[in-house]
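The values are calculated or read from the model by the stated rules, or taken from the named source; none is laboratory data. Model, not experiment: these values are computed from the prediction. Here the Cβ positions follow ideal geometry from the backbone for every residue, glycine too, while neighbour counts run over all protein chains shown.
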Amino acid sequence: MPTRLRVFYSVLTVTLFFIPAVALFSEIRRSEIWRTPAAERLPLLLFYAAACGFGAALLVVIATGRLAYRGEQKE
């Protein structure tokens, strides 16, 4: 993958990573989260955490160039 595309996709992934990261941070920072039942907010927090993990993993894969097409290799 050319460097220009790798940088573009890395910046795009970081930008999209901040959407669930900010939502997760704001949910955890709320003072009323500790007074509400844990089961009520847990699925939302797990979804945000999973989205953050997926975004971070995708960023690592793109930034290291592991998505490059290498073609079929003949033995």
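General observations
- Consider the stretch 1-39 and keep the residues that are at pLDDT 75 or above and loosely packed, with under 10 Cβ neighbours inside 10 Å. The one that is farthest from Val60 (Cα to Cα) is Arg29.
- Among the conditions (1) modelled with pLDDT under 75; (2) touching a Cys at 6+ places or on another chain (Cβ under 8 Å), the only one that Lys74 does not satisfy is (2).
- Residues of the stretch 40-71 satisfying the condition of being small (Gly, Ala, Ser) and either in contact with a Gly (Cβ under 7 Å, 6 or more places away or on another chain) or at pLDDT 70 or above (or both): Ala49, Ala50, Ala51, Gly53, Gly55, Ala56, Ala57, Ala63, Gly65
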